[in-house]
Amino acid sequence: MKGLLIVNSRSGRATPDTESVVAEARRLGIETHLLQPGDDPAEVARRSSAEGLGVAGGDGSLAPVAGAALEREAAFVCVPFGTRNHFARDLGVERDDPAAALGAFAGTERRIDVGRAGGRLFLNNVSLGVYAQLVHRRERHRRRLEALARVRAWATLLTRREPLGFRVDGEEVESRFVLISNNAYALEFPSLGARERLDEGKLHLYLPDEHRAADRFVVDTAAGRVQAAVDGEPDVLGTPIEFRIEPRALRVLVPDGGS
């Protein structure tokens, strides 16, 4: 299979880890593209004629390339190369050996679900409200005073009491955050556990004291917009937001022997 690996090195510069992954990819005959500032990974993927579109990066790097793979009916490959790599964990890909994950280009195909927040694809989850504010603060302070920023963000989450005017499917809910996931998580507040499967065909909506499952949710706010974290990436979304699931829509390749 002709493959393309898009590499997100964060800095846009080669590092020893980046160089080793790129070298192994080239040894396997996989075309590589090291993202530079200003590059749009989805456009890089769309321009390629490769049958397998891969991305080496963290969770926030995956969805744009997965979306392009879905548009082109190509297969998607995840090479874990970030800090958390939750999607790789749930997919059953070894997170500590990105070079080994390149074996997926010649591996086994699976079909998994994807979620949509409006038109935006997500692979893991979308958090709205106070928890998303934590992500926005963390991103603003990522390069300076990171530990202090994290403490302040958690203090906001734990001490802010007023609801944010959420409505779920037209019903008012008194909550400071809403989390919508692609398939079910083992929830270990305030963090997320693993997902046992990625092909259940259901979205799961989590409130502090409630859990719902469906193939569609509509979340609205009184303000008409809400801070969000989409697969861990900060954004501001206009409301109402229609969330929906696309069952088994994405072809994903995993290394032989993966789950």
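Meeting the requirement of 1 or more residues that are among the aromatic types (Phe, Trp, Tyr) and touching a Cys at 6+ places or on another chain (Cβ under 9 Å), the helices (runs of 4 or more DSSP H) wholly within the range 58-110 are 86-91.
Scan the range 65-90 residue by residue and report those that are within 18 Å of VAL126 (Cα to Cα) and buried (at least 21 other Cβ atoms within 10 Å of the Cβ). Within the range 65-90, VAL65, ALA66, GLY67, ASN85, HIS86, PHE87, ALA88, ASP90 meet the criteria.
Name the residues in the range 177-201 that are modelled with pLDDT of 95 or more and surrounded by fewer than 20 Cβ atoms within 10 Å (Cβ to Cβ), would you? ALA184, ARG197, ASP199, GLU200, GLY201, listed by residue number.
Within the range 221-233, restricting attention to residues that are in contact with a His (Cβ under 9 Å, 6 or more places away or on another chain) and not small (Gly, Ala, Ser), the residue that is modelled with the highest pLDDT is ASP231. Among residues of the range 214-225 that are within 9 Å of THR239 (Cα to Cα), those with a Cβ under 7 angstrom from a residue that is β-branched (Val, Ile, Thr) and assigned to a loop (DSSP other than H, G, I, E, B), sequence gap 6+ or separate chain, pair up as VAL219/THR239; ASP220/THR239; THR221/THR239; GLY224/THR239; ARG225/THR239.
Of all the criteria given as (1) β-branched (Val, Ile, Thr); (2) modelled with pLDDT under 95; (3) surrounded by 14 or more Cβ atoms within 10 Å (Cβ to Cβ), the one not satisfied by VAL236 is (3).
The values are calculated or read from the model by the stated rules, or taken from the named source; none is laboratory data. All values derive from a computational prediction rather than experimental measurement. Positions of Cβ are generated from backbone atoms using ideal geometry, with glycine treated the same way; all protein chains shown enter the neighbour counts.
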